[in-house]
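K.L.:
I'd like to ask you about the structure that follows.
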Amino acid sequence: MAEEKYTGYEFKDETGINEIDSKGEVLIHKKSGARIVLVNNNDDNKVFSIAFKTPPEDSTGLPHILEHSVLCGSRKFPSKEPFVELAKGSLNTFLNAMTFPDKTMYPVASRNEKDFFNLMDVYLDAVFFPNIYKYPEIFKQEGWHYEIVDGDHPRLEISGVVYNEMKGAYSTPEELLMRKVQETLYPNTPYAHDSGGDPEKIPELTYERFIEFHKRYYHPSNAYIYAYGNINKIRFLDFIDREYLSNFDREYIKSDIPPQNPLGSLREYEFLYPISKGESELDKTYFSLNFSIGTATDPVLTMAFSIIEYLLLETPASPLKNALIKEGIGKDVFGVYESSLLQPHFSIVIKNSNEDKKTGFKRVVFDTLNNLVKNGIDKKLIEASINIFEFKLREADYRGLPKGLVYHIKMMESWLYDGDPFIHLRYDSHLKEVKRALKDNYFEELIKKYILESNHSTLLTIKPDKDILKEKEKKLRERLDRYFESLTKDEKKKIKEETKRLKIRQITPDPPEILEKIPILSINDIDKEAESLPLEVNKEKETTQLYHPIFTSGIIYFNLLFDTTAVNQDDIPYISLLSQILTRVSTENYSYGDLSNEINVYTGGISIVADAFGSKDDDAIYYPKLVVKSKSLVDKFPDLIRILREIIFKTRYNEKDRIKEIVQEARSRLEMSIYELGHNIASGRLLSYFSPFGKYMETLSGLSYYWFVRDLEENYDSKYEILSNKLTDVAERIFNLNNLILSITADRKDIDRISNQMRSFKEDFPINKIEKNSYSFKLTPNNEGLMTPGNVQYVAKGYNFKRLGYKYSGHLMVLRTIASLDYLWNRVRVQGGAYGSFARFGRNGNMYFCSYRDPNLEETLKVYDEMGRYLNEFNPNNREMTKYIIGTVSKLDHPLTPSMKGEIATTRYISGITQDDVQKERDEILGTGIKSIRNFSDMVRDTMKNGYYCVLGNENKISANSKIFGKLIKVFK
């Protein structure tokens, strides 16, 4: 029956997936051989994806460059940037593409069926009929190309979006480490190569090989097509058959990935990563022990090692992490279990160590694991780890990512290797098997088999080097100079002509008739009414209680928000440190390990963050808070309250050694965030120049906080007494009933059920009248160059437009879309070669532009300064204007999980944003016209003219441009 129902498809399997309340079907397209999986349910956030098995043959980044390039125009949609046109003009809830070590995925999602089919049409045409065959310039732009820089001393340079992206990636020691883990564990397989691209190898890729790779792998016979949600199955299958799959005949495509044979004994390797010239090499070494763990198609083993990695290395009770730290091997430990490969691997990583600790690292790891196998892992720790894993599985709260996308990525861990596509989603039976570990030695046996008795493992040492970046830059310069000298006059002319063709293509806008080929919705397809989030305000004595009654599957989301303005201004960094220490040190009744187990056994997690909420109107007004986020099943709520009491009222701030460990780890994680989130660091530092709110946040959690933690760690013994006293004082000032807002997201009946317990909990708090502070920061406007050993820049510039007499309106949300996805995209990414750039316009008047993994510096600042002129000449047709509005609304209308609805409603309440404000902003967005945008030209020009800038990036590049900076700062010591 199913074969008749789905004309043109061979029916393979149908099964219920109770764990995600879905029905799954597996089909094969008869003519083309395409594999199709349908996951049917009532979720209106529909997901489509097409993936291809793309094993790399070298480290030129071919799969990654192709992933970028196919989205640069196709047969039906020949616009240069259909991806960007979709981002500007669709109601997508997800739109991206992803390169994995052995596959490339193209997923989209939308709640609107018409939009869903539009997105799917553009993506399918892109992967099967891309314009890369017609326009070699696409390869040059997204991959790499030579450019001749004229002047007194003409020279040859390399540019390209992926090239610059990967230069940034290879500057980061942890990204380098994980690439080398794969390379060394699986040397005789495609995993030995970097599918993302090694910047030293990317220029070896030719256009011919690029085209040949697409011809070989981008065929339906090598495709994995996925659809999820409340889709019209008949319409979907008919569409992909009629429009695409029927154009192809089935082929045999050799894309098998051979397993790596065991390596035998432990193999050891050393690699270098760059640090700044004046930076110390002390405490900068990484060690990583890596083990190949079975195959990805074994769902029980995969689940078991996900939990083993967590219990050994990720909690305060983790025995292996604690042993390594206590032995002084390093200052930060983490684990990685990577299951998105044919042969998953498990890594034990220690950082902030030294080269002479390698033997000690091996000894402590193997002695500790041998001891655990011999004497058994603490059953409470096992119970805690399984419970938190199961809670997150069943909660399925992916913080804005469509569930269907997460399920698809998990599904590919078996489907790509010819396993049952649904085996990882049907997790109830796997959990039952894993829970054997609560009674017998199941985990211990797995550790013994796959780690202690492993015949497939490596040990990596990643060492800092002050000269490696300079040496690489010198070698590249010499190679480019030699090649440039070897070129004939005609060859140089050809490079110039090719560059000119590329530049002309980049700056020439698509004609209207081309853009009109990309389907869009109409304004009538958009809800005119803004979604109203559940919020009930209940004032009870000294506290405000915010109720968000909504279906939550029996989970109570219980958040406590404490005003922190009673803390003295000089002590603001201690608020952040307090947030990192709470839940991770001992209390009166529990050691820190036992407390961690209590949290994980009885709750869905407790997290604490130091934050602040800005006023909707004025950046000089903000509301600092310490936010305690917690959740549990309703039946476990009494235990949640019991544990919160313990943390808030009975934490010990005198555990010198334990607090030192936390400070060391905090420094390590902050340093990594500077490498990986440079755009956040640069933009946060920029805001601190002119915004009181920005200055507070930078002091609390930005670069200033990193320097505070670094100084504390380096002088810990002399500063410990002050630290302990400060933590005690700050906690006493914060944990007061007068400071408290409660925010509860749960079913109405569950809110009523827990009301007495909440009331009792509040009675535990002191009610002291503590004097609140009005912080008065001395703002120090500056244009700083923040120097790191990174290979690229993060360039931020901005100011507060309200101080110049301009006002906020919802039209600025549309301007943000135009700036980010049109002007900055074309000027900074397409023409400049940066990986990304974006614009921000706040209700409080703060505005800035920022680039990401950018090879340029002054050129990008010039782009920012010229945006006012661009707006003065802004003149899209009505269709284009409609796209900008639709793309803006899509960001507002992303599906929200119950917990997110409660958190956003709380944020709005604290910031003073009413439903009327939300609706007014939406009305203004929907009513935005060309004139509305053009009117911002003076505002943008004046803001840039009066603005400041901050650049985080390569120390040589910043030093070479030192004349434009007011101050140069070396970020690391």
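The values are calculated or read from the model by the stated rules, or taken from the named source; none is laboratory data. Being a predicted model, the structure only gives us computed values, none of them experimental. In this analysis, Cβ positions are derived from the backbone assuming ideal geometry, glycine residues included, and neighbour counts consider all displayed protein chains.
K.L.:
If I filter the stretch 34-43 for residues that are basic (Lys, Arg), assigned to a strand (DSSP E or B), surrounded by 14 or more Cβ atoms within 10 Å (Cβ to Cβ) and under 29 Å from the mean Cα position of the chain (by Cα), do I get at least one hit? Explain how you work it out, then say what you get.
P.N.:
Step one: filter the stretch 34-43 for residues basic (Lys, Arg), giving 35.
If we keep only those that are assigned to a strand (DSSP E or B) as well, we get 35.
Imposing the further condition that a residue be surrounded by 14 or more Cβ atoms within 10 Å (Cβ to Cβ) reduces the set to 35.
With the extra rule that they be under 29 Å from the mean Cα position of the chain (by Cα), the set shrinks to none.
There is no residue in the stretch 34-43 that is basic (Lys, Arg), assigned to a strand (DSSP E or B), surrounded by 14 or more Cβ atoms within 10 Å (Cβ to Cβ) and under 29 Å from the mean Cα position of the chain (by Cα).
K.L.:
Might you let me know whether the stretch 879-893 holds any residue that is modelled with pLDDT of 95 or more, more than 27 Å from Ile818 (Cβ to Cβ), in a helix (DSSP H, G or I) and not hydrophobic (A, V, I, L, M, F, W, C)?
P.N.:
Scanning the stretch 879-893, I find no residue that is modelled with pLDDT of 95 or more, more than 27 Å from Ile818 (Cβ to Cβ), in a helix (DSSP H, G or I) and not hydrophobic (A, V, I, L, M, F, W, C), so the answer is no.
K.L.:
Suppose the filter is modelled with pLDDT of 95 or more and outside any loop (DSSP other than H, G, I, E, B); does Pro464 pass it? Walk me through how you get there before you give the answer.
P.N.:
Values: modelled with pLDDT of 95 or more: yes; outside any loop (DSSP other than H, G, I, E, B): yes.
Here the answer is yes, as Pro464 does meet what is asked.
K.L.:
Picking from Ile225, Ile202, which residue would you name as being surrounded by 22 or more Cβ atoms within 10 Å (Cβ to Cβ), among the aliphatic types (A, V, I, L, M) and over 19 Å from Asp58 (Cβ atoms)? Lay out the reasoning, then the answer.
P.N.:
On the way: Ile202 fails: over 19 Å from Asp58 (Cβ atoms).
Ile225 is the lone residue from the list that is surrounded by 22 or more Cβ atoms within 10 Å (Cβ to Cβ), among the aliphatic types (A, V, I, L, M) and over 19 Å from Asp58 (Cβ atoms).
K.L.:
Taking Asp619 as meeting all but one of (1) crowded, with 21+ Cβ neighbours inside 10 Å; (2) touching a Gly at 6+ places or on another chain (Cβ under 8 Å); (3) more than 21 Å from Ser701 (Cβ to Cβ), write down the number of the exception.
P.N.:
(3)
K.L.:
Now for a separate question. Among the numbered criteria (1) buried (at least 23 other Cβ atoms within 10 Å of the Cβ); (2) out of contact with any strand residue (DSSP E or B) (no Cβ under 7 Å at 6 or more places or on another chain), which single criterion is violated by Asn791?
P.N.:
Of the numbered conditions (1) buried (at least 23 other Cβ atoms within 10 Å of the Cβ); (2) out of contact with any strand residue (DSSP E or B) (no Cβ under 7 Å at 6 or more places or on another chain), the odd one out for Asn791 is (2).
K.L.:
Among the residues of the stretch 415-459, write down those that are assigned to a loop (DSSP other than H, G, I, E, B), farther than 15 Å from Ile382 by Cβ and over 30 Å from the mean Cα position of the chain (by Cα).
P.N.:
In the first step, residues of the stretch 415-459 are kept if they are assigned to a loop (DSSP other than H, G, I, E, B); the result is 416-427, 439-441, 453-456.
Then drop every residue that is not farther than 15 Å from Ile382 by Cβ, which leaves 416-427, 453-456.
Within the stretch 415-459, Glu453, Ser454, Asn455, His456 meet the criteria.
K.L.:
Would the stretch 632-646 turn up any residue that is among the hydrophobic types (A, V, I, L, M, F, W, C), surrounded by fewer than 22 Cβ atoms within 10 Å (Cβ to Cβ) and closer than 24 Å to Ala666 by Cβ? Walk me through it before giving the result.
P.N.:
Step one: list which residues in the stretch 632-646 are among the hydrophobic types (A, V, I, L, M, F, W, C), which gives 633-634, 637, 640-641, 643-644.
Adding the requirement that they be surrounded by fewer than 22 Cβ atoms within 10 Å (Cβ to Cβ) leaves 633-634, 641, 644.
Subset that is closer than 24 Å to Ala666 by Cβ: 644.
Yes, the stretch 632-646 contains at least one residue that is among the hydrophobic types (A, V, I, L, M, F, W, C), surrounded by fewer than 22 Cβ atoms within 10 Å (Cβ to Cβ) and closer than 24 Å to Ala666 by Cβ.
K.L.:
Can I ask one more? Would you mention how many residues in the stretch 270-320 are closer than 30 Å to Ser959 by Cα and hydrophobic (A, V, I, L, M, F, W, C)? Talk me through it step by step, then tell me what you get.
P.N.:
So in the stretch 270-320, the residues closer than 30 Å to Ser959 by Cα come out as 271-286.
Subsequent filtering for residues that are hydrophobic (A, V, I, L, M, F, W, C) retains 271-272, 275, 282.
The total comes to 4.
K.L.:
Let me ask something additional. Within the stretch 289-306, can one find any residue that is of a type in the set (A, V, I, L, M, F, W, C), assigned to a strand (DSSP E or B) and within 27 Å of the chain's Cα centre (by Cα)? Write out each step before concluding.
P.N.:
Taking the stretch 289-306 and keeping what is of a type in the set (A, V, I, L, M, F, W, C), we get 289, 291, 293, 296, 300-301, 303-305.
Right, trim to assigned to a strand (DSSP E or B) and you get 289, 291.
Remaining after also requiring within 27 Å of the chain's Cα centre (by Cα): 289, 291.
Checked the stretch 289-306: at least one residue is of a type in the set (A, V, I, L, M, F, W, C), assigned to a strand (DSSP E or B) and within 27 Å of the chain's Cα centre (by Cα).
K.L.:
Might you let me know whether the stretch 481-497 holds any residue that is surrounded by 10 or more Cβ atoms within 10 Å (Cβ to Cβ), among the β-branched types (Val, Ile, Thr) and assigned by TED's automatic domain parsing to the domain that holds Asp150? Steps first, please.
P.N.:
First pass over the stretch 481-497, keeping only residues surrounded by 10 or more Cβ atoms within 10 Å (Cβ to Cβ): 481-484, 487, 491-497.
Retained after the next criterion (residues that are among the β-branched types (Val, Ile, Thr)): 495.
Imposing the further condition that a residue be assigned by TED's automatic domain parsing to the domain that holds Asp150 reduces the set to 495.
Scanning the stretch 481-497 turns up at least one residue that is surrounded by 10 or more Cβ atoms within 10 Å (Cβ to Cβ), among the β-branched types (Val, Ile, Thr) and assigned by TED's automatic domain parsing to the domain that holds Asp150.
K.L.:
Identify, please: which residue in the stretch 239-265 is exposed (fewer than 15 other Cβ atoms within 10 Å of the Cβ) and over 34 Å from the mean Cα position of the chain (by Cα) and is, among those, farthest from Tyr123 (Cα to Cα)?
P.N.:
Once the filter is applied, the top-ranked residue is Ser265.
K.L.:
Same structure again: Specify which of the listed residues (Arg908, Arg843, Arg922) is part of a loop (DSSP other than H, G, I, E, B), charged (D, E, K, R) and within 28 Å of the chain's Cα centre (by Cα). Don't jump to the end; show me each part of the working.
P.N.:
Values: Arg908 fails: part of a loop (DSSP other than H, G, I, E, B); Arg922 fails: part of a loop (DSSP other than H, G, I, E, B).
After ruling out the rest, the residue left standing is Arg843.
The rows are residues; the columns are (1) buried (at least 23 other Cβ atoms within 10 Å of the Cβ); (2) free of Cβ contacts under 8 Å to residues at least 24 places away in the same chain; (3) farther than 23 Å from Met98 by Cβ; (4) over 21 Å from the mean Cα position of the chain (by Cα).
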residue: Asp150; (1), (2), (3), (4): no, yes, yes, yes
residue: Val162; (1), (2), (3), (4): yes, no, no, no
residue: Glu165; (1), (2), (3), (4): yes, no, no, no
residue: Gly168; (1), (2), (3), (4): yes, no, no, no
residue: Leu177; (1), (2), (3), (4): no, no, no, no
residue: Thr189; (1), (2), (3), (4): no, no, no, yes
residue: Asp194; (1), (2), (3), (4): yes, no, no, no
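K.L.:
From the list Thr184, Thr172, exactly one residue is out of contact with any Ser or Thr (no Cβ under 9 Å at 6 or more places or on another chain) and of a type in the set (Val, Ile, Thr). Which is it? Even if it seems obvious, please write down each step before you answer.
P.N.:
Details: Thr184 fails: out of contact with any Ser or Thr (no Cβ under 9 Å at 6 or more places or on another chain).
Just a single option satisfies the conditions, and that option is Thr172.
K.L.:
Pairs under 6 Å by beta carbon, first residue under 17 Å from Asp420 (Cβ atoms) and among the small types (Gly, Ala, Ser) in the stretch 3-28, partner modelled with pLDDT of 95 or more and in a loop (DSSP other than H, G, I, E, B), six or more apart or different chains?
P.N.:
Listed by first residue and then by second, the contacts come to Ser22/Asn41; Gly24/Phe422.
K.L.:
Continuing with this model, one more query. On the given criteria, is Gly805 among the small types (Gly, Ala, Ser), free of Cβ contacts under 8 Å to residues at least 40 places away in the same chain and touching a Gly at 6+ places or on another chain (Cβ under 7 Å)? Working first, answer last.
P.N.:
Details: among the small types (Gly, Ala, Ser): yes; free of Cβ contacts under 8 Å to residues at least 40 places away in the same chain: yes; touching a Gly at 6+ places or on another chain (Cβ under 7 Å): no.
So Gly805 does not fit the description; no.
K.L.:
Taking the criterion of being part of a loop (DSSP other than H, G, I, E, B), under 16 Å from Leu38 (Cα atoms) and assigned by TED's automatic domain parsing to the domain that holds Gln182, would at least one residue in the stretch 232-249 satisfy it?
P.N.:
First, pick out the residues of the stretch 232-249 that are part of a loop (DSSP other than H, G, I, E, B): 232, 244, 248-249.
Among the residues that remain, those that are also under 16 Å from Leu38 (Cα atoms) are: 232.
When the remaining residues are screened for being assigned by TED's automatic domain parsing to the domain that holds Gln182, the result is 232.
Checked against the condition, which is being part of a loop (DSSP other than H, G, I, E, B), under 16 Å from Leu38 (Cα atoms) and assigned by TED's automatic domain parsing to the domain that holds Gln182, the stretch 232-249 yields at least one hit.
K.L.:
Give me a count of the residues in the stretch 925-938 that are assigned to a helix (DSSP H, G or I) and under 32 Å from the mean Cα position of the chain (by Cα). Spell out the reasoning first.
P.N.:
Residues of the stretch 925-938 assigned to a helix (DSSP H, G or I): 925-926, 930-934, 937-938.
Filter once more, so that each one left must be under 32 Å from the mean Cα position of the chain (by Cα): 925-926, 933.
Residues that pass the stated criteria total 3.
K.L.:
Assess whether Tyr191 counts as being outside any strand (DSSP E or B), more than 27 Å from Ile293 (Cβ to Cβ) and aromatic (Phe, Trp, Tyr). Spell out the reasoning first.
P.N.:
On the way: outside any strand (DSSP E or B): yes; more than 27 Å from Ile293 (Cβ to Cβ): no; aromatic (Phe, Trp, Tyr): yes.
So Tyr191 does not fit the description; no.
K.L.:
Among the helices (runs of 4 or more DSSP H) confined wholly to the stretch 647-703, which include 2 or more residues that are in contact with a helix residue (DSSP H, G or I) (Cβ under 6 Å, 6 or more places away or on another chain) and surrounded by fewer than 21 Cβ atoms within 10 Å (Cβ to Cβ)?
P.N.:
On the way: elements: 656-676, 678-690, 692-701.
Per the criteria, 656-676.
K.L.:
Sort through Asn222, Asn118, Asn164, Asn131 and tell me the only one that's touching a Cys at 6+ places or on another chain (Cβ under 7 Å) and of a type outside the set (A, V, I, L, M, F, W, C).
P.N.:
Details: Asn222 fails: touching a Cys at 6+ places or on another chain (Cβ under 7 Å); Asn118 fails: touching a Cys at 6+ places or on another chain (Cβ under 7 Å); Asn164 fails: touching a Cys at 6+ places or on another chain (Cβ under 7 Å).
None of the other options fit; the residue is Asn131.
K.L.:
Sticking with this one: When you go through Ile65, Ile28, Ile36, Ile50 one by one, which is the residue that is under 23 Å from Lys254 (Cα atoms), modelled with pLDDT of 95 or more and out of contact with any helix residue (DSSP H, G or I) (no Cβ under 9 Å at 6 or more places or on another chain)?
P.N.:
Values: Ile65 fails: out of contact with any helix residue (DSSP H, G or I) (no Cβ under 9 Å at 6 or more places or on another chain); Ile36 fails: out of contact with any helix residue (DSSP H, G or I) (no Cβ under 9 Å at 6 or more places or on another chain); Ile50 fails: out of contact with any helix residue (DSSP H, G or I) (no Cβ under 9 Å at 6 or more places or on another chain).
Among Ile65, Ile28, Ile36, Ile50, only Ile28 is under 23 Å from Lys254 (Cα atoms), modelled with pLDDT of 95 or more and out of contact with any helix residue (DSSP H, G or I) (no Cβ under 9 Å at 6 or more places or on another chain).
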